[in-house]
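The values are calculated or read from the model by the stated rules, or taken from the named source; none is laboratory data. Computed from a predicted structure; not experimentally measured. For neighbour counting, all protein chains shown are included, and Cβ atoms are generated from backbone atoms with ideal geometry for every residue, glycine included. Only protein heavy atoms, including side chains, enter the accessible area calculation; ligands, DNA and RNA are left aside. Shrake-Rupley method; radii C 1.70, N 1.55, O 1.52, S 1.80 Å.
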Amino acid sequence: MLSYQFYNLVHILGIILIMMALGGIALTAGGAAERNPTWTRRSVAVLQGMGIFLILLGGFGMLARLGIMHGSGWPGWLWVKVGVWATLAAIAFLPYRFPATARPLLLVVPALGGLAAYMAIYKPL
Ligand code: HEM
């Protein structure tokens, strides 16, 4: 029998995928991005920045409530999540600098999100 954790992970992965797809649709349908590239670039930068900040705020808030903050060595699963967070923050600039990376990001970003969710749900390290 598949565990609750497994369905939790599948559920979160589905949410990540649909949010990515709808974000892409919002920017490409009807040529929105071509018609107003400045608005597009500014909007995704604001969304990216807010997302990165809220993950940090929520993540450390949960850590404090789990009592993991104070002095105790961070568990491996948390280091992996912080690594994913830093990667998600940094890769936003890649497609602008190296356009060939834009498409692969469609797979890399959900994979990173799934990895972070897997670490939070299963805590394997
Ligand atoms: C600074 C980076 C991060 C920190 C400090 C952090 C911390 C945490 C903590 C403490 C929990 C709760 C674990 C528990 O209830 O036992 C959690 C849950 C979760 N985190 Fe993060 N996280 C970070 C980054 C991320 C990123 C980048 C993602 C995905 C893109 C993510 C996805 C999740 C998910 C989906 C859960 C909920 C899992 C569940 O349903 O129990 N986290 N995180």
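Only four residue types carry charge here, +1 at the Cβ of Lys and Arg and -1 at the Cβ of Asp and Glu. Report the dipole size of the stretch 4-122 about the Cα centre in Debye, rounded to the nearest 20.
180
Provide, in order from the shortest bin, the percent of all Cα-Cα pairs of the stretch 1-102 in each 5 Å bin, continuing until the bin that contains the maximum pair distance.
Pairs per bin, as whole percents: 2, 9, 12, 20, 19, 13, 10, 7, 4, 2, 0.
Taking only Cα atoms and a 10 Å spring cutoff, compute GNM fluctuations for the chain and point out the largest among V84, V109, V46.
Highest fluctuation among the options: V46.
Note the angle between two axes, namely the Cα long axis of helix 76-90 and the longest principal axis of the Cα atoms of the chain, as a number of degrees from 0 to 90, rounded to the nearest 10.
The answer is roughly 10 degrees.
Quick one: what are the phi-derived ³J(HN,Hα) couplings along the stretch 10-18, Karplus 6.51/-1.76/1.60 with θ = phi - 60°, whole Hz, x for glycine and proline?
4, 4, 5, 4, x, 5, 4, 5, 5
Leaving out ligands, DNA and RNA, what percent of the accessible area of the chain is carbon and sulfur, probe 1.4 Å?
Ligands and nucleic acids excluded, carbon and sulfur give 75 percent.
Assuming 0.36 nm per residue, please report the length gained on full extension of the stretch Y96 to R42 beyond their Cα-Cα distance.
So the extension gain works out to 18.1 nm.
Given the rule -39500 (n - 2.57) for each run of at least 4 DSSP H residues, summed and divided by the residues of the chain, what is its mean residue ellipticity at 222 nm, to the nearest 500 deg cm²/dmol?
-26000 deg cm²/dmol
Starting from the Cα of M20, step 7 Å along the direction of its Cβ; do the same at R35; then give the gap between the two resulting points in nm.
Roughly 2.7 nm, to one decimal.
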